Amino acid sequence: MNKKLMPALLLTSLMSFSSVQAAVDKSTVETSKTSSHKSTQVISINSANVAQLSTLKGVGDSKAKAIVDYRATHGKFSSISELSNVKGIGDKLIEQNKAVLSL
């Protein structure tokens with residue numbers, strides 16, 4: 001009886017492991033899809049619209065609109081670091097996007 005039980009237990013164990021591994025693989029693929037969503041294209045903070053600005057890491061529609069509103073009120077940005085004057089935009093967010101920001 002034990003000889004018949006062992007292969008069944010082994011088969012069940014292997015099947016369980018493969019389904020767990022498949023779930024991990026699927027999670028990894030979904031994570032990589034979402035992280036590639038944000039822009040790698042250079043964006044001019046003096047001419048970009050809300051849709052373009054919202055492709056930056058950590059910038060959604062409301063922060064993008066705040067950048068456009070600040071620019072409309074105060075004129076063109078004189079430096080990338082001036083973005084920190086916009087409500088909701090901090091040094092960390094600027095640093096995360098520094099490679100794709102231009103004037």
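Could you calculate the contour length gain from residue 72 to residue 47, that is, 0.36 nm times the residue separation minus the distance between their Cα atoms, to one decimal place in nm?
Working: separation 25, 0.36 × 25 = 9.00 nm, distance 1.06 nm.
That works out to 7.9 nm of additional length.
Would you tally the net charge around residue 91, using a Cβ to Cβ cut-off of less than 15 Å, leaving residue 91 out, and scoring K and R as +1, D and E as -1?
Residues near residue 91 contribute +3 overall.
Where nothing but the Cβ of Lys and Arg (+1) and of Asp and Glu (-1) is charged, how large is the charge dipole of segment 43-102 around its Cα centre, in debye to the nearest 20? Write down the numbers at each step before the final one.
Values: 8 positive and 5 negative charges, 8 e Å.
Dipole about the Cα centre, nearest 20: 40 debye.
What percent do you get for the relative contact order of segment 40-86 when only Cα pairs under 8 Å and 6+ apart count?
Values: 29 pairs, mean separation 15.0, N = 47.
Relative contact order here is 32 percent.
So, counting K/R as plus one and D/E as minus one, what does the shell of residues with Cβ under 14 Å around residue 71 add up to?
Working: positive: 63, 65, 76, 87; negative: 69, 82.
Within the 14 Å Cβ shell, the charges total +2.
Expressed in nm to one decimal, what extension gain is obtained for the pair residue 92 and residue 61 from 0.36 nm per residue of sequence separation less their Cα-Cα distance?
Values: separation 31, 0.36 × 31 = 11.16 nm, distance 1.83 nm.
Contour length minus Cα-Cα distance gives 9.3 nm.
Where does the charge balance sit around residue 62 when Lys and Arg score +1, Asp and Glu -1, over other residues with C-beta under 14 Å from its C-beta? Walk me through the numbers on the way to the answer.
Working: positive: 63, 65, 87; negative: 61, 69.
Charge balance in the 14 Å sphere: +1.
Every number here is computed from the coordinates shown, using simple stated rules; none is lab data. The shown structure was predicted, so the numbers you read here are calculated from the model rather than taken from an experiment. With ideal geometry, Cβ positions are generated from the backbone for all residues, glycine too; neighbour counts draw on all protein chains shown.
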